[in-house]
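Please read the structure below before turning to the comments.
The values are calculated or read from the model by the stated rules, or taken from the named source; none is laboratory data. What you see is a predicted model; the values in this text were computed from it and never measured. Methodologically, a virtual Cβ is constructed for each residue, glycine included, from the backbone with ideal geometry; neighbour enumeration extends over all protein chains shown. Note: accessible area is taken over every heavy atom of the protein model, side chains too, but ligands, DNA and RNA are not part of it. Shrake-Rupley method; radii C 1.70, N 1.55, O 1.52, S 1.80 Å.
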Amino acid sequence: MPFEERLLAHYTRYLGPVAQDWRDRTPGWPMRLVAFDGTPAHNERFFATCGLGQHSARAPDSCTLHCELVFAAHQDGPMDDIVRMMLGVSELVGRSKDALLRGDMIRFTAPILPGTRLTRLYCTMSVFCLSGFARLEPSAGGAPIAVIWLIPVYECEKTYIETHGWRQFEEELDRLDPDLPDLHRPTIR
């Protein structure tokens with residue numbers, strides 16, 4: 001089965017049917033972004049890259065990694081802005097050739113989305129689905145693909161992560177259980 005079909009089958013197994021689909025027309029960088037509507041009770045929409053995992057990235061230990069990115073927001077969030085942000089981030093990550101690891105943050109020079117005060121995207125494992133969602137097993141001879149959840153964070157949360165480490169930050173997320181798809185949520189620190 002071709003890569004994109006395998007990936008979409010993986011996503012739909014956990015997130016349901018594709019609600020919307022966009023393609024980046026940047027020359028030399030054909031990227032696809034798909035959206036999935038979550039459960040109405042949770043008012044969430046998931047945006048996932050589809051194709052980034054075909055590009056390899058280097059980890060600090062010289063291992064080669066492959067990843068796809070997922071972002072969650074409330075269904076009434078600024079969809080056009082999220083699409084532009086996700087397509088831009090996927091291009092940035094794909095062209096950098098540096099792997100995103102748990103605890104890494106993607107820095108923006110302005111808020112990640114207009115009308116918010118969120119300035120970074122924090123990288124972690126996808127915990128909103130069953131554990132199998134965070135990793136797509138390789139096809140014959142291929143490498144596994146990590147599905148990285150991008151959580152928007154505030155500047156003060158970035159400082160907390162840098163001071164206390166990503167494990168402590170994630171323990172705080174578990175303890176406080178903030179509404180992470182809310183782009184105007186209160187800070188946790």
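Things worth noting here:
- Checking each residue in the range 170-179 for being within 20 Å of the chain's Cα centre (by Cα) and either part of a helix (DSSP H, G or I) or under 16 Å from G103 (Cβ atoms) (or both) picks out E170, E171, E172, L173, D174.
- Residues that are in contact (Cβ under 8 Å) with a residue 24 or more places away in the chain and more than 17 Å from G132 (Cβ to Cβ), drawn from the range 1-19: M1, F3, E4, A19
- Residue in the range 140-159 that is closer than 25 Å to Y14 by Cα, among the charged types (D, E, K, R) and out of contact with any helix residue (DSSP H, G or I) (no Cβ under 9 Å at 6 or more places or on another chain) present: no
- Every residue from the range 115-145 that is at pLDDT below 90, open to solvent by less than 60 Å² (accessible area, probe 1.4 Å) and within 15 Å of D104 (Cα to Cα): S126
Let's see how each residue does on (1) at pLDDT below 90; (2) among the aliphatic types (A, V, I, L, M); (3) touching an Asp or Glu at 6+ places or on another chain (Cβ under 7 Å):
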| residue | (1), (2), (3) |
| --- | --- |
| Y14 | yes, no, no |
| W22 | no, no, no |
| M31 | yes, yes, yes |
| G38 | yes, no, yes |
| G51 | yes, no, yes |
| P60 | yes, no, no |
| C63 | yes, no, no |
| V70 | no, yes, no |
| S96 | yes, no, no |
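- The strands (runs of 3 or more DSSP E) found entirely in the range 9-84 that carry 1 or more residues being surrounded by fewer than 15 Cβ atoms within 10 Å (Cβ to Cβ) are 18-24, 64-74.
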